[in-house]
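Enquirer: Have a look at the structure that comes next, please.
Computed from the coordinates by the stated procedures, all read-outs in this text should not be read as laboratory data. Remember, predicted model here, so these are calculated numbers, not experimental data. We place every Cβ from the backbone using ideal geometry, glycine too, and count neighbours over all the protein chains shown.
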């Protein structure tokens, strides 16, 4: 498994060892190794895998770049560059978010534009000018033709690319307070469930089918939540990171009606969990996230980092592997996340 | 220890490091006051600015971590020539920009923050082990960096980079050496007995090349015949690693069966040498007696010429006796005077007290160094440490080293150990804070490390806040994300003035790029009413020009933020009117429209637009404005036209425009009259 992390205007590819051998003994396989790196203009505000060996980055200069990782020679090169994709007439507009579903790439920026690219085309496929009057902070796919954006005035907007109109098909918002939203992720199996994180560190779970306000609000962090991710294969688990320097692991216990405090210690509950629901706990029709009620102890949160000092800016999770990057210029890798 | 800068007319810049600067530099204006030249400790280093040629004059300006230098247009009589248009940036602390040392800064920040949280009220006895372990953590970070630099230096093909890394390694080596000694003497403050053991560890750690040579010897085919064999054995003896010596000697002993008994005797001597065990029950006096006994035994062996037939064994025997001449014969193997010191203490004064150290240190240094060779900065620093002169150590380090990292962190740790209390500076608050501020100011200029500096400022009780306030406003804000991080720092510390200033910068930038929505969001966040008014005006102007609102998503969701400024309230309410109108809720729309004027929420300049907006409502088939409301509308119109007439006479407005206005007023009057008639009729009808 490879992890990509930009440091000091460089995009670097690291190998943290194969994840096949984890779960054996202590799971320690030495330090992550730097495979190759490449200069990057501007800060990297977001990055995503397009496919096995291509990565898309969003730059503070407004550029969108596709890098290609040549696995045979362990080198990295620019395969395509859209300079100033996001811009003002006489100023740079940072590109704040990118999401891709090969070959399509969608980017959003401080200029309030949504731009659609195709990896195989030089030009721009579609631009929604003035998609937002404020900064769009993040973007994700809801379905193949629909995307979700969150902005700095607390709105979650749904865009349908089948429609030619340049206005969102639905606007959901936090009531009243206009708390900026910084991140958004969609439940991997139940596409109507969406999680967002905002400036006040609250985790919001939304059901985009019904209502224009969040389904539930949960206090999580004490400062901006920078990223939220459902576990791709076990979506009862969710991970959030924040400016307050913490990385949280959220777990809903949908498989059992037994309160978690009756299940003994944390580790034993993990064992019983896998024994009881080998196919994963997301089989029930009503998602745990929508029935979840933190007051009844059905939602457990665990701090994943030993000490909190500087902001955790980014995270990703795959299998038992959790990776995060901090303002202390450090990358943390946890190869044994209990999911 | 702020640097002072003096300018010379010949294109040279002198950076002088001072013992102290009497007047603190005024942080606010960064002005440069006076230097008293007699206080200069060392000759100033001279930095040549290559682009400024001889005979030119220079000016300069202080920056937070650097100095800007430029050529001035001063012309000496007769001299001519054009000035140079460059501004030069001169940086003192280059290390901050080294990619590998950045790890040192990041890691040590973590340790620093941990150290600050150790509670004051704990008894000092329970704190000491914590301080020692923190000191060890700092040192292990230095070691890790050193190893990485070493690796780069070895693997890179870039000669310049290799030299640079090599230099940094030697600096870090010195830093670690000094730190370790300070840890033993000041932080751990080992008593007599243990003191020597710690010093031995210190020397062993920093003279590790013995092990490398030993490995080479042992891996050779016949170690005992290797030409370095005896060097290794003697080196081990000098470091007091007697187990290793015995193992080595066994190899030689088996080769010389004739001398077996002699080797056996040496082995016994070595095995019997007593070492103090601080954890044991033995008292220091008991140990001393035992040691003297052993010493006499060794002396007897030498006197009866037990080893006279073997030159090497005799040398070892003399070393065990601490014979100064023999020790000095092995200067090559000792390498440094402080190794000589520790070896001499080991074999002559194993129960040395901390207070006696300085005497031995001074004499060892004099003995070891030739009268011709000058002592280097490192020697002076270590000597000062042996003399327990902490301030001298810090001062000498500040002069000798090219970064503030070391002195700032060491001083902070020593301050926590309550070792610096007595000392007060004539400027600033105290030495610890002064050095931390210098270091953190340097960090703040770095594009990525600036966040670390915030925590350092937080732990400087006297001036930290002022420094932070001044620096934080100057962080370049390339992205909103960075702006948010800066804001969070300010908000957590109730720095409301800085919050306003940052929001204003962001709002102005958004406004310049015609992003009214963003600009409004930033001014709402800053609670900046004046700016919100300005932006609301822009929105209304845009509306008047285009007939439609931009950024509806924002204006429709203002919520309580609408109350920030009157103009913003009006904007929100006016948009609400359009929404009601669009939803064909005419009565509510009409009521709102009227209230905007009667409650004086709308600026009078906008009344004409509002009245024009009322026109289609007046023209509806159904009566919407009641008679009373119509009277009020008429009153508004009259109030407006009377004030307009006054202004119209004073300005030369084009005839055409005035015509349009007049027609509009006429139209309105007509519509109002008709509506009034209908309303009276309707209201009359309903009543009956």
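Enquirer: If each DSSP helix of 4+ residues adds -39,500 (n - 2.57) and the sum is divided by the residues in the protein assembly as shown, what number results at 222 nm, nearest 500 deg cm²/dmol?
Expert: Details: 32 runs with 438 residues, N = 1027.
It lands at -13500 deg cm²/dmol.
Enquirer: Which Rg and Dmax, in Å, describe the Cα atoms of the range B:342-483?
Expert: 20.1, 67
Enquirer: Hey, rough spin-label estimate for residue B:392 and residue A:143, points 7 angstrom out along Cα→Cβ, what's it come to in nanometres?
Expert: With each label placed 7 Å out from Cα toward Cβ, I get 8.2 nm.
Enquirer: Something else: Quick one: Debye curve from the alpha-carbon atoms of the range B:140-198 only, equal weights, vacuum; give me log10 I(q)/I(0) at q = 0.14, 0.21, 0.29 Å⁻¹ to two decimals.
Expert: -0.50, -0.76, -1.06
Enquirer: To make sure I understand, if each residue's beta carbon is the centre and we count other beta carbons within 10 Å, what order do A:36, B:544 fall in, fewest to most?
Expert: Details: A:36 16, B:544 12.
Exposure proxy ranking, most exposed first: B:544, A:36.
Enquirer: For B:227, B:416, B:293, A:137, what ranking results if the residue with the fewest other Cβ atoms within 10 Å of its Cβ goes first?
Expert: Values: B:227 8, B:416 19, B:293 11, A:137 31.
With the fewest neighbours first, B:227, B:416, B:293, A:137 line up as B:227, B:293, B:416, A:137.
Enquirer: Could you compute Rg(Cα) / (2.2 N^0.38 Å) for the range A:209-251, with N its residue count?
Expert: 1.29
Enquirer: Under a plain spin-label model, where a point goes 7 Å from the Cα along Cα-to-Cβ, how far apart in nm are residue A:129 and residue B:681?
Expert: 4.9 nm
Enquirer: In addition: What is the average number of partner chain Cβ atoms found within 10 Å of a Cβ in A:165-172? List each step's numbers first, then the result.
Expert: Details: counts 0, 0, 2, 1, 0, 0, 3, 0.
Neighbouring Cβ atoms belonging to other protein chains average 1 per residue here.
Enquirer: Evaluated at 4 °C with a viscosity of 1.567 mPa s, what Stokes-Einstein diffusion coefficient in µm²/s does the range B:153-276 have when Rh comes from the Kirkwood expression over alpha-carbon pairs?
Expert: 75 µm²/s
Enquirer: Pairs of Cα atoms under 8 Å, at least six residues apart: use those to get the relative contact order of the range B:103-234, whole percent. Can you show the working numbers first?
Expert: On the way: 73 pairs, mean separation 23.5, N = 132.
Taking the mean separation of contacting Cα pairs over the length of the range B:103-234, I get 18 percent.
Enquirer: Any idea how far apart residue B:66 and residue B:167 come out in nm if each label point goes 7 Å out from Cα toward Cβ?
Expert: It is 1.7 nm.
Enquirer: Give the Cα extents of chain B along the principal axes, in whole Å, largest first.
Expert: Result for chain B: principal-axis Cα extents of 143, 76, 52 Å.
Enquirer: Sorting check: for B:268-280, A:82-94, which peptide has the highest mean count of neighbouring beta carbons within 10 Å, and how do the rest follow? Write down the numbers at each step before the final one.
Expert: Details: B:268-280: 14.0, A:82-94: 17.8.
Answer by packing, highest mean first, reads A:82-94, B:268-280.
Enquirer: Could you rank the peptides B:105-111, A:196-202 by their average count of other C-beta atoms within 10 Å per residue, with the highest value first? Don't skip to the end; give the middle numbers.
Expert: Working: B:105-111: 21.1, A:196-202: 23.0.
Most protected by this proxy first, the peptides run A:196-202, B:105-111.
Enquirer: With an 8 Å cut-off on Cα pairs and a minimum separation of 6 or more residues, tell me the relative contact order of the range B:232-329 in percent. Each step should come with its number before you reach the end.
Expert: Values: 60 pairs, mean separation 22.8, N = 98.
Across the range B:232-329, relative contact order equals 23 percent.
Enquirer: Could you tell me the ratio Rg/Rh of the range B:343-389? Both radii from Cα atoms, Rh via Kirkwood.
Expert: Working: Rg = 11.2 Å, Rh = 11.4 Å.
My calculation of the ratio gives 0.99.
Enquirer: Now for a separate question. Please state the Cα pair-distance histogram of the protein assembly as shown with 10 angstrom bins from zero: what percent is in each bin?
Expert: It works out to 2, 8, 14, 16, 16, 14, 11, 8, 5, 2, 2, 1, 1, 0, 0, in whole percents.
Enquirer: Kirkwood hydrodynamic radius, the range A:136-221, all distinct C-alpha pairs: what's the number in Å?
Expert: On the way: mean 1/r = 0.0785 Å⁻¹.
Roughly 12.7 Å, rounded to one decimal.
Enquirer: Oh, and also: Can you sort B:621, B:485 by how many other beta carbons sit within 10 Å, fewest first? Mind showing how you got there, number by number?
Expert: On the way: B:621 6, B:485 23.
Ranking B:621, B:485 by Cβ neighbours within 10 Å, fewest first, gives B:621, B:485.
Enquirer: Nearest 0.05, what FRET efficiency do residue B:527 and residue B:548 give at R0 = 22 Å with Cβ-Cβ as r?
Expert: Working: r = 29 Å, r/R0 = 1.31.
So the FRET efficiency works out to roughly 0.15.
Enquirer: Averaged over B:474-484, how many beta carbons belonging to a partner chain fall within 10 Å of each residue's beta carbon?
Expert: Values: counts 0, 0, 0, 0, 6, 13, 10, 13, 4, 0, 9.
Taking all residues of B:474-484 together, the mean is 5.
Enquirer: For the range B:305-384, report the translational diffusion coefficient in µm²/s to the nearest whole number, using Stokes-Einstein at 4 °C, 1.567 mPa s, and a Kirkwood Rh over Cα pairs.
Expert: Values: Rh = 13.6 Å.
Diffusion coefficient, whole number: 96 µm²/s.
Enquirer: Report the FRET efficiency, 1/(1 + (r/R0)^6), for residue A:175 and residue B:132, where r is their Cβ-Cβ distance and R0 is 56 Å, rounded to 0.05.
Expert: Working: r = 55 Å, r/R0 = 0.98.
Calculated transfer efficiency: 0.55.
Enquirer: Largest first and to the nearest Å, give the Cα extent of the range B:267-419 along each principal axis.
Expert: Cα spread of the range B:267-419 along its principal axes, largest to smallest: 56, 45, 22 Å.
Enquirer: Further question: Return, for the Cα atoms of the range B:129-170, the radius of gyration and Dmax in Å, separated by a comma.
Expert: 13.4, 44
Enquirer: Now for a different question. For the range A:75-150, what does the equivalent ellipsoid look like in terms of its semi-axes, each the square root of 5 times an eigenvalue of the Cα gyration tensor, given largest first in whole Å? The partial results should precede the final answer.
Expert: On the way: eigenvalues 72, 57, 24 Å².
Listed largest to smallest, the semi-axes of the range A:75-150 are 19, 17, 11 Å.
Enquirer: Distances over 17 Å make up what percent of all Cα-Cα pairs in the range B:439-533? Provide the component values of the computation, followed by the final result.
Expert: Values: 2177 of 4465 pairs.
The calculated P(r) of the range B:439-533 puts 49 percent of pairs beyond 17 Å.
Enquirer: Still on this model: When you look at the Cβ of every residue in B:553-561, what mean number of other chain Cβ atoms sits within 10 Å? Could you put the intermediate results ahead of the total?
Expert: Details: counts 14, 8, 1, 2, 10, 2, 8, 3, 4.
Mean shielding by partner chains, rounded to a whole number: 6.
Enquirer: Extent of the range B:464-613 along each principal axis, from alpha carbon coordinates, in Å, largest to smallest?
Expert: Each principal axis gives a Cα extent; for the range B:464-613 these are 60, 27, 26 Å.
Enquirer: Where Rh denotes the Kirkwood radius from the mean inverse Cα pair distance, what is Rg over Rh for the range B:109-225?
Expert: Values: Rg = 18.6 Å, Rh = 17.0 Å.
Reported Rg/Rh, Kirkwood definition of Rh: 1.09.
Enquirer: Once you keep just the Cα pairs under 8 angstrom separated by 6 or more residues, what percentage relative contact order results for chain B?
Expert: Values: 722 pairs, mean separation 57.8, N = 688.
After rounding, I find 8 percent.
Enquirer: Same structure again: How would you order B:310-316, B:521-527 from highest to lowest mean count of nearby Cβ atoms within 10 Å? Write out the running numbers ahead of the final one.
Expert: Working: B:310-316: 18.0, B:521-527: 24.7.
Peptide ranking by packing, descending: B:521-527, B:310-316.
Enquirer: Taking R0 as 25 Å, what's the FRET efficiency between residue B:220 and residue B:150 from their Cβ-Cβ distance, rounded to 0.05?
Expert: Values: r = 26 Å, r/R0 = 1.02.
After rounding, the FRET efficiency stands at 0.45.
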